[in-house]
Amino acid sequence: MRSYAINSTGLVYGNTLEFTAGEVSSTKDNTGVSWKIYPNPADDQINITFGEALPSAEITLYSMNGYQIYHRSYNSVSEILINSCDWPSGTYTIVLNGAKTKQTKQIIIQR
């Protein structure tokens, strides 16, 4: 994609951006970390399970406006339960940060 801008003196600036299609909600990355989020859509609780226990992990959730609404660090974790009963309906991004991985998925909260 190409974008252009013209400044006040009439000088044109251009940028070329490249996008690579990918799957945001994949269950496995190059490090072999397998994880599931369910139910999706969710209501009062989000369940996150891992194929095998992770020695350490951070889970952060963001609203579609970019606000961080949840963050927690875990040690030796294979399952995480997150209470979402106070969150408004909408789409949220979940970021998993581990020692050798950083992955994102989306979840829908539906009332």
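The values are calculated or read from the model by the stated rules, or taken from the named source; none is laboratory data. Quick caveat: nothing in here was measured; it's all calculated off a predicted structure. Cβ atoms come from the backbone with ideal geometry, glycine included; neighbour counts cover every protein chain shown.
Below, the figures for the structure above:
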read-out	value
Cβ-Cβ under 9 Å pairs, at least 6 apart or on other chains, the range 90-111 side without any contact (Cβ under 8 Å) to a residue 12 or more places away in the chain, far side of a type in the set (Asp, Glu)	Lys102/Asp29
The range 65-86: number of residues that are of a type in the set (A, V, I, L, M, F, W, C), over 16 Å from Tyr38 (Cα atoms) and either within 14 Å of the chain's Cα centre (by Cα) or assigned to a loop (DSSP other than H, G, I, E, B) (or both)	1
Some residue of the range 23-31 being surrounded by 15 or more Cβ atoms within 10 Å (Cβ to Cβ) and at pLDDT 95 or above	no
Residue ID - nearest to Pro39 (Cα to Cα), chosen from residues in the range 89-109 that are at pLDDT below 95 and outside any strand (DSSP E or B)	Thr101
Index of the failed condition, Thr20 passing every other in (1) modelled with pLDDT under 90; (2) surrounded by 12 or more Cβ atoms within 10 Å (Cβ to Cβ)	(2)
